[in-house]
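Here's the structure we're looking at; comments come further down.
The values are calculated or read from the model by the stated rules, or taken from the named source; none is laboratory data. Bear in mind the structure is a predicted one, so any value in this text is a computation, not a measurement. For neighbour counting, all protein chains shown are included, and Cβ atoms are generated from backbone atoms with ideal geometry for every residue, glycine included. SASA here: full protein model, heavy atoms, side chains in, ligands and nucleic acids out. Shrake-Rupley method; radii C 1.70, N 1.55, O 1.52, S 1.80 Å.
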Amino acid sequence: MIVVTLVVGCLAAVLLLPTVSDAISLVRVLLGQRGNARRPPVDPPRLLFLVPAHNEAQSLMQLRYPAEHRRAVVIADNCTDRTAELARAAGAQCLERHDRQLPGKPRAIAWALSQLPVNEFDTVIIIDADTVVDPGFGRALAAQAPVAGKAFQAYFDVRNPADGPLTRMATVLAAANYRFAYALKRRVGLNAPLLGNGMCIGTAVLAAHGWNAFTIAEDWELYTLYTTTGVPIESLESARLYAEEARSLRQSSTQRQRWTAGKLTVLGRLIARLLRSRQIGLAQKFDAVAELTAPGPVVHLGLATVLAALTAVVQPPGAAALLLTLGASVVRPAIYAIAGLVVQPNPLRAAAAFAFLPFYMVWRLGAAVAALKMLGDKPWVRTARQ
């Protein structure tokens, strides 16, 4: 029985970390603490868009941004179709890479960075090939200038929100994260996660730290590496891009497993280095650990439900405290989900999609278990939104 208490207690404590971190942030806001003041705008930053592609036609919408201050480069990575031809016809520069031994998006980006005059730009923006970029993206990023010494994560939204319950819930989650959770981090000067699509990495950051992320979750790896070295990472809600979300459980299976396995791999490899860092304070370390250990809101809810049921049935020592901790851990995702629902164009219809949540929760728990086989140095996995 003591073993049950210890196991459930440890898991409950991990699930509670994001709630505690946000509570600390809210106290800091109430006390008037904010992130570093921004310097006045300078000349429009020079933007380099990198679009890793593999057997896909792609396009960047015309940005309302000076043409002389931006460049789009498509990386035709081991392509066998007309990707390179179509990219050049659309007016983009195209680099063709052929390396069957080291395939995948992270390797393609590292290779492209070595081929391009990166020092001629202020920031490098990673855009997936199936993504639509909002016309105001460049101006939104320019408003944060100077940008060379930091990283940003653009608002990665859902292009097909009305396609079904999964896409509606994903849209609500995106709003909850970018408009509320990440906005809170930004207000108190904590780093926001990098999520792959829409990452904006300053060229001074690349010059100092390079691109050294090659796991199956290169975005979480970069987030951890840059956070450890004190690089600011800000969420940029005003810069939007849209990609299609998986409509079915089958479509999203590999994607969810990669995210889970990649995050756990990064956690195991880099957590000690992050905790030892002298470049960041205790609040940032605590928040980064909370982000890296957070299983995602659906898996979080599933774990809390299973652990609460186990505790209620077995009644180990300290059962009341365990149930209280588990209950407290779901307050944060519940509040953010409600906030995300409220800002939807049709909140009631979006809320109806959550009738599918119990089935999705069970499926996600199974996918999380299946993800364990992907831990470690597995080949980079291409997914629907990558």
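Of all residues in segment 222-243, count the ones that are out of contact with any helix residue (DSSP H, G or I) (no Cβ under 8 Å at 6 or more places or on another chain), open to solvent by 10 Å² or more (accessible area, probe 1.4 Å) and farther than 12 Å from TYR155 by Cβ. I'd like the intermediate steps shown before the answer.
Of segment 222-243, the ones out of contact with any helix residue (DSSP H, G or I) (no Cβ under 8 Å at 6 or more places or on another chain) are 222, 230, 232, 242-243.
Keeping just the survivors that are open to solvent by 10 Å² or more (accessible area, probe 1.4 Å) gives 230, 232, 242.
If we keep only those that are farther than 12 Å from TYR155 by Cβ too, we end up with 230, 232.
So the answer is 2.
Six or more apart or on different chains, Cβ under 8 Å: which pairs go from a residue in segment 84-98 that's basic (Lys, Arg) to one that's assigned to a loop (DSSP other than H, G, I, E, B)? Could you list them?
ARG97/ASN78
Evaluate the following for GLY138: is it within 18 Å of the chain's Cα centre (by Cα), open to solvent by less than 10 Å² (accessible area, probe 1.4 Å) and within 29 Å of GLU68 (Cβ to Cβ)?
On the way: within 18 Å of the chain's Cα centre (by Cα): no; open to solvent by less than 10 Å² (accessible area, probe 1.4 Å): yes; within 29 Å of GLU68 (Cβ to Cβ): yes.
The answer is no for GLY138.
Out of LEU326, LEU241, LEU222, LEU236, I need the residue that is within 27 Å of VAL8 (Cα to Cα) and either assigned to a helix (DSSP H, G or I) or under 16 Å from the mean Cα position of the chain (by Cα) (or both). Which one?
None of the other options fit; the residue is LEU326.
Looking at segment 84-101, is at least one residue surrounded by 18 or more Cβ atoms within 10 Å (Cβ to Cβ) and under 26 Å from VAL343 (Cβ atoms)?
no
State yes or no: is ARG159 more than 23 Å from ARG332 (Cβ to Cβ) and either at pLDDT 95 or above or surrounded by fewer than 20 Cβ atoms within 10 Å (Cβ to Cβ) (or both)?
Details: more than 23 Å from ARG332 (Cβ to Cβ): yes; either at pLDDT 95 or above or surrounded by fewer than 20 Cβ atoms within 10 Å (Cβ to Cβ) (or both): yes.
Yes, satisfied.
When the residues of segment 322-351 are filtered to those that are free of Cβ contacts under 8 Å to residues at least 40 places away in the same chain and small (Gly, Ala, Ser), which remaining residue is farthest from THR19 (Cα to Cα)?
Checked segment 322-351; the qualifying residue farthest from THR19 (Cα to Cα) is ALA351.
Within segment 267-275, does at least one residue satisfy the condition of being farther than 23 Å from ASN212 by Cα and surrounded by fewer than 19 Cβ atoms within 10 Å (Cβ to Cβ)? If you could, list the steps in order and put the result at the bottom.
Start the filter on segment 267-275 by keeping residues that are farther than 23 Å from ASN212 by Cα, which leaves none.
No, because not a single residue in segment 267-275 is farther than 23 Å from ASN212 by Cα and surrounded by fewer than 19 Cβ atoms within 10 Å (Cβ to Cβ).
Can we say LEU267 is under 16 Å from the mean Cα position of the chain (by Cα) and over 30 Å from ARG139 (Cα atoms)? Give the steps one after another, and end with the answer.
Details: under 16 Å from the mean Cα position of the chain (by Cα): yes; over 30 Å from ARG139 (Cα atoms): yes.
For LEU267, the condition - under 16 Å from the mean Cα position of the chain (by Cα) and over 30 Å from ARG139 (Cα atoms) - is met.
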